[in-house]
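S.K.: I'd like to ask some things about the structure below.
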Amino acid sequence: MAEQAALDFGVLLRQLRADAGLTQEELAEAASLSPRSISDLERGINRTARKDTAWLLADALSLAEPVRGLFVAAACGRGSASEVLAARQGDVPGAFAAAATRTLPRDIASFTGRESELALLSKWLEGSAAAGGVVGIHAIGGMAGVGKTTLAVHAAHALAGSFPDGQFFLPLHAHTTGQRPVEPADALASLLLTAGVPAQQIPPDAQARASRWRNCVAGKKILLLLDDAAGHEQVRPLLPGTAGSLVLITSRRRLTALEDAAAISLDTLSPVEAATLLARLAERPELGAGGDLTAEITRLCGYLPLAIGMLARQLSHHPARSAADLAAGLAAARDRLAVMRAENLSVAAAFDLSYADLTETSSGCSAG
């Protein structure tokens, strides 16, 4: 029983962090803890937390009473995750409590381009409604930094009104620094908790959890956004089984083994879209969408949204730095990717994770 309660707390902490829109690193910083501490708690390596650590986590997650006290008790092994969830949901029995089924990250005002991809999703929605509804599965693929998650979140917000029974966002962390990809069993536990299933009613094995999840969403119209998937094996158990729902999946891999999935392959932005994005984010008078300097910077960024966004924010937050100096520095840089960074994020790091993924995949193939 103690072990089950501890495991439940790890799942609970992961869910509360996801609901708050925080990464493990962001939660660790807010709580003045190490990312390793957060990871060990979520994975059940550390099955309980010290009381002072639990209070720090409660503060970082902005938990109010009575949820706050119940959370601390669960962290210290003196309470259960189900009590925390019941308090968060107003002790409403059953699944799909309203407060727990609108978990999409915020959309961004600077979203630019991608009209054809958005039109494809809208066309599917109209076609499925006319045909009586099917489970729509759309796999959004592309290289690191191309804007897969941004597109998926923007589309999800635009389509949310057609899915009144809930919009779920679940990061699967195939390429998150310091984190392993989420196991399907853990992903299912998070979805069930979000849907309002008490922790003690979540089955212990992945297959039973998948059945419980499909039963929860049967006959409902939900939108499920699975972000940064490692592969089809990770995704397949999470899919609804009945018609009327929409699943959006982002992945750096082509999910060709996922049956009935419509592929949306993202390329870099067009030169016009890239220039528009830079002008919007940088807010510099010398960077008009049609200017030569704007065109040069976006070309040096390879029209990659992640790179453009990082450099635009550098200009926005450092008004003394000129766009011309930035362009000259980019052109002269021996390692251009190293210049493209914002706080603890960098384009180079995003590509490094992809290279590591390719290396592991290649090693696995040669060994087989």
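S.K.: Using the count of nearby Cβ atoms within 10 Å as a rough guide to exposure, how do Val235, Val153, Val272 rank from fewest to most? Provide the component values of the computation, followed by the final result.
M.R.: Details: Val235 24, Val153 21, Val272 15.
If I rank by nearby Cβ atoms, fewest first, I get Val272, Val153, Val235.
S.K.: At 7 Å along Cα-to-Cβ for each site, give me the label-to-label distance between Ala263 and Arg299 in nm.
M.R.: Simple spin-label model gives 3.1 nm for this pair.
S.K.: So, with +1 on the Cβ of K and R and -1 on the Cβ of D and E, and no other charges, what is the size of the charge dipole of region 2-88 about its Cα centre, to the nearest 20 debye? Before the final figure, lay out the partial values.
M.R.: Values: 10 positive and 12 negative charges, 41 e Å.
Charge dipole of region 2-88: 200 debye, to the nearest 20.
S.K.: Follow-up. Hey, what do the phi angles of region 54-67 turn into as Karplus ³J(HN,Hα) couplings, whole Hz, using 6.51/-1.76/1.60 and θ = phi - 60°, x for Gly and Pro?
M.R.: Values, residue by residue: 4, 5, 4, 5, 4, 5, 5, 8, 6, 7, 9, 5, x, 4 Hz.
S.K.: Bin width 5 Å, alpha-carbon pairs only: give the P(r) of region 2-88 as whole percents, running from 0 to the bin holding the largest distance.
M.R.: 3, 18, 30, 30, 16, 3
S.K.: Also, I was wondering about something else. Once you list every other residue whose beta carbon is under 12 Å from the beta carbon of Pro203, what net charge do they have if Lys and Arg are +1 and Asp and Glu are -1?
M.R.: On the way: positive: Arg209, Arg212; negative: Asp205.
Here the charged neighbours net out to +1.
S.K.: What are the principal axis extents of the Cα atoms in region 115-265, in Å, biggest first?
M.R.: Projected onto its principal axes, the Cα set of region 115-265 covers 44, 39, 25 Å.
S.K.: Let me ask something else. What is the sum of charges, Lys and Arg at +1 and Asp and Glu at -1, for the other residues whose Cβ falls under 14 Å from the Cβ of Ala185? Don't jump to the answer; show the numbers that get you there.
M.R.: On the way: positive: Arg14, Arg43, Arg180, Arg209, Arg212, Arg236; negative: Asp8, Glu42, Glu183, Asp186, Asp205, Glu233.
Residues near Ala185 contribute 0 overall.
S.K.: Put a dot 7 Å past each Cα toward the Cβ at Arg106 and Arg254; how far apart are the dots in nm?
M.R.: Simple spin-label model gives 3.7 nm for this pair.
S.K.: With each pseudo-label sitting 7 Å past Cα toward Cβ, what's the Asp40-Ser62 distance in nm, one decimal?
M.R.: About 2.9 nm separates the two model spin labels.
S.K.: Give the long-range amide H neighbours of Leu224: residues separated by 5 or more places, or on another chain, with amide H under 5 Å away, using H modelled in the peptide plane at 1.01 Å from N.
M.R.: When sequence neighbours closer than 5 places are left aside, the close amide H contacts are Phe168, Leu246, Val247, Leu248.
S.K.: Search the structure for amide H atoms under 5 Å from the amide H of Ile264, placed 1.01 Å from N in the peptide plane, and list their residues when 5 or more places away or on another chain.
M.R.: For Ile264, whose amide H was placed from the backbone, the distant partners under 5 Å are Ala139, Ile140, Gly141.
Each reported figure results from applying straightforward, stated rules to the coordinates on display, with no laboratory input. Note that the coordinates shown come from a computational prediction; the quantities given were computed from them, not determined experimentally. Cβ sites come from the backbone with ideal geometry, for glycine too, and all protein chains shown count toward neighbours.
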